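So that we are looking at the same thing, I have put the structure below in structure tokens.
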Amino acid sequence: MESRLHDIVKNTLINLKDKGLPATPNEYHKEFCKVSKTYNLTVKECEQFKRLVSKLSKNEQLEIESKNISTIEEMIPVLLNRVSKDNVNTLAQLFKKSITPSISIDIDEDLQKFSVKIGNSPALLFEDDIQKEMQNFITKRFEADKSVVKQKTSDIAKLLTLMGQYFSDAIHSSGMGSQEVSNIKSQIQSINMDDTGVKDLSELQSQLIDAALSIENEMSSVGEKLTNGRSEVESLEEKIKKLEKELDKTKEESLKDHLTGLLTRRAYDESVKAIENQFIRNNTQYAVVFFDLDHFKKINDDYGHHAGDIILSTFAKVLDKNTRDLDIVGRYGGEEFVAIIHFNLKRELLKYLKRIKSIINENEFLYKKQKIRVTFSAGVAVRNDHNSYESTIQKADVLLYEAKEGGRNKIVMEDGTVI
């Protein structure tokens, strides 16, 4: 073994010299591993590189093979091309939204579990099995939305078919009656009164009576059908109006959080896009305010989750009532809330923040005759101080953390102001 190692080292140095390559650690390592193969000798350091490569993605392995990379140092540029963690987290959030049905509000248990899984480990998005699941959920999302649209439009199709049927019957019956009367008219014109006399007139009278009865019965039947059809049409119209209301309600419910009545996280994110576009076009100044109720878990533990729900709902009403229509406020998750507040001068923003803090601090929440003292912490970042909305809200989140670490019941602004 020792002899073979000596030969491998010797041949490695000779090969490097023959190739005109310097005996740097990197070049030496590559050549050493090549020579060791010719001696059928497994060297731990050489195998370590193979093990690392086996843990990479298929695309990364193909790149390493195509570039003939054989050392860890050469592998570093490939690894640097990987997506950053922040980008992966954002991608995971975007994907979770893309697989959630936009019209059908039914989300099955498998979709919920999958969303939680990629939310906890966003890097899973790059695994083949997970990507296959993603494709299946995208297909399911389209099918779910198509199913709802098909269901909601089926009654409209029935209405059109029914109306067409009754109009066809009416036209057909009218045509038959007209034809019969036309035939009788021709017979009347052909009668020679001098030759036929009363007998032919009597026969003609009988035919006229029969034709009139036939027309009467036909028109009565058509009238009855149209009356019944009208009733069915009115019933279908009511159903269609009801479906429209249900769709409007479903759309509204998908925008509003069921407990607080504020925008859901999804609806908030959509609203932010419009606000960000206005900022880019018109430089409309705004601040991101991140709120978080202090010691909320203790409130749930001491008074129960129902009390916690009432406090969340009441706090949301305070935010909603004191936030202007041109601004937005939503429930970000759990006891976290976020608001976009437009302002021209800093004192306008301070006035809003102080008003919210004053209302909460000067009042107590009432639950089953029990008075509960509640405070909140908040972080405030201004969009003009950042390159994007995403970095602005991240800064607001960091400032919120500082407010909590600094003793809670305070609002920390990016310029150092503390309320």
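Residues Asn68, Asn15, Asn40: which one is part of a helix (DSSP H, G or I) and either at pLDDT 70 or above or closer than 30 Å to Met134 by Cβ (or both)?
Details: Asn68 fails: part of a helix (DSSP H, G or I); Asn40 fails: part of a helix (DSSP H, G or I).
On inspection, the qualifying residue turns out to be Asn15.
Please find, within the range 368-394, the residue that is most open to solvent (accessible area, probe 1.4 Å) out of those that are touching a residue at least 60 places away in the same chain (Cβ under 8 Å) and over 35 Å from the mean Cα position of the chain (by Cα).
Across the range 368-394, the extreme among qualifying residues is Lys368.
Just to be sure I understand the filter: pairs with C-beta atoms under 7 Å, separated by 6 or more residues or on different chains, first member in the range 7-22 and open to solvent by less than 50 Å² (accessible area, probe 1.4 Å), second member not in a helix (DSSP H, G or I). Which pairs pass?
Hits for this filter: Ile8/Tyr39; Ile8/Leu41; Leu16/Ala23.
For the range 333-344, check the following and say yes or no: at least one residue is loosely packed, with under 14 Cβ neighbours inside 10 Å and more than 31 Å from the chain's Cα centre (by Cα).
Restricting attention to the range 333-344, the residues satisfying the condition of being loosely packed, with under 14 Cβ neighbours inside 10 Å are 333-334, 344.
Narrowing further to those that are more than 31 Å from the chain's Cα centre (by Cα): 344.
Yes: one or more hits.
Looking only at the range 243-277, count how many residues are among the charged types (D, E, K, R) and either open to solvent by less than 40 Å² (accessible area, probe 1.4 Å) or modelled with pLDDT of 75 or more (or both). Full working, then the answer.
Our first condition is that a residue be among the charged types (D, E, K, R); within the range 243-277, this holds for 244-246, 248-249, 251-253, 256-257, 265-266, 269-270, 273, 276.
Adding the requirement that they be either open to solvent by less than 40 Å² (accessible area, probe 1.4 Å) or modelled with pLDDT of 75 or more (or both) leaves 256-257, 265-266, 269-270, 273, 276.
The total comes to 8.
Criterion first (open to solvent by 30 Å² or more (accessible area, probe 1.4 Å), within 17 Å of Glu335 (Cβ to Cβ) and touching a residue at least 60 places away in the same chain (Cβ under 8 Å)) does Arg408 satisfy it?
Yes.
So, one more: Return the only residue of Lys351, Lys317 being under 27 Å from the mean Cα position of the chain (by Cα), surrounded by fewer than 16 Cβ atoms within 10 Å (Cβ to Cβ) and in a helix (DSSP H, G or I).
Within the list Lys351, Lys317, the selection yields Lys317.
Given (1) modelled with pLDDT under 75; (2) exposed (fewer than 13 other Cβ atoms within 10 Å of the Cβ); (3) not charged (D, E, K, R), identify the lone condition not met by Ser54.
(1)
The values are calculated or read from the model by the stated rules, or taken from the named source; none is laboratory data. What you are looking at is a predicted structure, and each value in this text was computed from that prediction instead of being measured. As a convention, Cβ positions derive from the backbone with ideal geometry for all residues, glycine included, and neighbour counts pool all protein chains shown. For accessibility, only protein heavy atoms count, side chains too; no ligands or nucleic acids. Shrake-Rupley method; radii C 1.70, N 1.55, O 1.52, S 1.80 Å.
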